[in-house]
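Report on one structure; see the data block that follows.
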Amino acid sequence: MAITTANLTKTFRIFKRDAGLKGALKSFFHRKYENFTALSDVSLEIGDGEIVGILGENGAGKTTLIKLMVGLLHPTDGNVLINGFTPWERKNQFLRRISVVMGQKNQLWWDIPASESFLLNQKIYGLEDDQYKQTLGELVDLLGVQEKLNVQVRRLSLGERMKMEIIAALLHRPEIILLDEPTIGLDVIAQSKIRDFVKYYNEQHRSTFLITSHYMNDIQEMCKRVVVIHKGKKFYDGNFDILVNRVNPVRKLTFEFVDLPDGEILQALQKEFVYKLDSNFLTAELRGDDMNQFMSRLFTMNTPRSFSLEELPVEETMKSFFANPEKFIKGLG
């Protein structure tokens, strides 16, 4: 396994005080603390070459999990193994096999071109010139940033900076890449290019990706498997499409009649199914088997001029899920 966590728990001790001068004076003589559990008993197994999405609301514990995996935090309880290494021991062999990109953190020097930071990374990881040039050339071509290499990082757009951050993270060809909100704040074109890059890079190099994102399109396009974390606990670990269908199995049908059927036929149909009819256009939102039966009846009645069948938006589906995850998790494998 590329990544294994066993009963992983992380608790923080948080200082609290009342607002205002009175609260400040009171806390000076008598400090109040409380324990906050960011992660509780999280166990995972992620295989080589997988792309796994980590889902959860703000404060669910996603970033804490990432930081534990790269050794930036020590767990309160439990254990993490990354390719057989314990992250917080920070061994060189471990650091050469892993990389992390955080959408809200910069690793590149702000006032110099990205190409200068890349050279620094070459020295840090002891990369041979031939290997460095080959890897850099491949990544620059894939992400289309050749013309921006010698531009100050501060003068790059947000999307261009994120691409440079990804290049910096992959120069030493890590086996495991952790992406924390890699498309946050990016426009739809930049988001799409980064998604395509991750999928292509995974196919070519069989690298393992662990991705957190609030954009459901990121997860839908890149990850077959997702892990849902809610209030620090693992709620679901499995296929993303199964989760979406469990939360909202409804599909929307739009059916355009060439000739409108007899009124009595439509009335009989309406006793079995709920639909709307506007001129020659019929629309319905039904669940799996009901939709299949409904479409079968329609095609028996009439050949359509046009029809479309679509899933309801994933963003709306997952919004419903996070509003009450306990309602949907029961019975999921």
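The values are calculated or read from the model by the stated rules, or taken from the named source; none is laboratory data. Here the structure is a predicted model, which means the values were calculated and not measured. Here the Cβ positions follow ideal geometry from the backbone for every residue, glycine too, while neighbour counts run over all protein chains shown. Quick note on the areas: whole protein, heavy atoms, side chains included, nothing else; ligands and nucleic acids left out. Shrake-Rupley method; radii C 1.70, N 1.55, O 1.52, S 1.80 Å.
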Give the residues of region 297-320 that are free of Cβ contacts under 8 Å to residues at least 40 places away in the same chain and either touching a Lys or Arg at 6+ places or on another chain (Cβ under 9 Å) or closer than 24 Å to ARG246 by Cβ (or both), sorted by residue number.
PRO313, LYS319
Only one of ILE265, ILE229 is part of a strand (DSSP E or B), out of contact with any Cys (no Cβ under 6 Å at 6 or more places or on another chain) and not hydroxyl-bearing (Ser, Thr, Tyr); which?
ILE229
Restricting region 307-326 to residues that are part of a helix (DSSP H, G or I) and among the aromatic types (Phe, Trp, Tyr), which is surrounded by the most Cβ atoms within 10 Å (Cβ to Cβ)?
PHE321
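Report whether or not VAL274 is of a type in the set (A, V, I, L, M) and closer than 30 Å to LEU65 by Cα.
So VAL274 fails the test.
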Out of ARG97, ARG155, which single residue is among the charged types (D, E, K, R) and more than 26 Å from ASP218 (Cβ to Cβ)?
ARG155
If the Cβ limit is 7 Å and pairs must be 6+ apart or interchain, which residue in region 184-205 that is closer than 16 Å to GLY144 by Cα and in contact (Cβ under 8 Å) with a residue 24 or more places away in the chain pairs with which residue that is among the aliphatic types (A, V, I, L, M) and part of a loop (DSSP other than H, G, I, E, B)?
none
Taking PRO261 as meeting all but one of (1) surrounded by fewer than 22 Cβ atoms within 10 Å (Cβ to Cβ); (2) in contact with a Ser or Thr (Cβ under 7 Å, 6 or more places away or on another chain), write down the number of the exception.
(2)
Yes or no: LEU119 farther than 19 Å from LEU186 by Cα, aliphatic (A, V, I, L, M), outside any strand (DSSP E or B) and open to solvent by less than 50 Å² (accessible area, probe 1.4 Å)?
no
Can you give me the ranges of the strands (runs of 3 or more DSSP E) entirely in region 1-86 with at least 2 residues that are free of Cβ contacts under 8 Å to residues at least 24 places away in the same chain and open to solvent by 40 Å² or more (accessible area, probe 1.4 Å)?
3-16, 32-46
Output yes when any residue across region 283-306 is over 30 Å from LEU39 (Cα atoms), open to solvent by 70 Å² or more (accessible area, probe 1.4 Å) and in contact with a strand residue (DSSP E or B) (Cβ under 7 Å, 6 or more places away or on another chain), and no when none is.
yes
Could you please give the count of residues in region 246-258 that are assigned to a loop (DSSP other than H, G, I, E, B), free of Cβ contacts under 8 Å to residues at least 60 places away in the same chain and open to solvent by less than 40 Å² (accessible area, probe 1.4 Å)?
1
For the list (1) on the phi > 0 side of the Ramachandran plot; (2) open to solvent by 40 Å² or more (accessible area, probe 1.4 Å), I need the number of the one condition that ASP111 fails.
(1)
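Kindly evaluate ASP278 against the criterion of being open to solvent by 90 Å² or more (accessible area, probe 1.4 Å) and either in contact (Cβ under 8 Å) with a residue 40 or more places away in the chain or small (Gly, Ala, Ser) (or both).
no
Residue-by-condition table, conditions (1) buried (at least 19 other Cβ atoms within 10 Å of the Cβ); (2) basic (Lys, Arg):
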residue: LYS148; (1), (2): yes, yes
residue: GLN152; (1), (2): no, no
residue: ARG155; (1), (2): no, yes
residue: LYS163; (1), (2): yes, yes
residue: GLU181; (1), (2): yes, no
residue: GLY185; (1), (2): no, no
residue: GLN191; (1), (2): yes, no
Could you grab me the full set of residues in region 92-136 that are touching a Lys or Arg at 6+ places or on another chain (Cβ under 9 Å) and acidic (Asp, Glu)?
ASP111
Answer residue from region 200-224, given it is among the charged types (D, E, K, R) and touching a Gly at 6+ places or on another chain (Cβ under 8 Å) and is surrounded by the fewest Cβ atoms within 10 Å (Cβ to Cβ) among those:
ARG206
Give the residue, chosen from PHE197, PHE273, that is open to solvent by less than 20 Å² (accessible area, probe 1.4 Å), at pLDDT 90 or above and touching a Lys or Arg at 6+ places or on another chain (Cβ under 9 Å).
PHE197
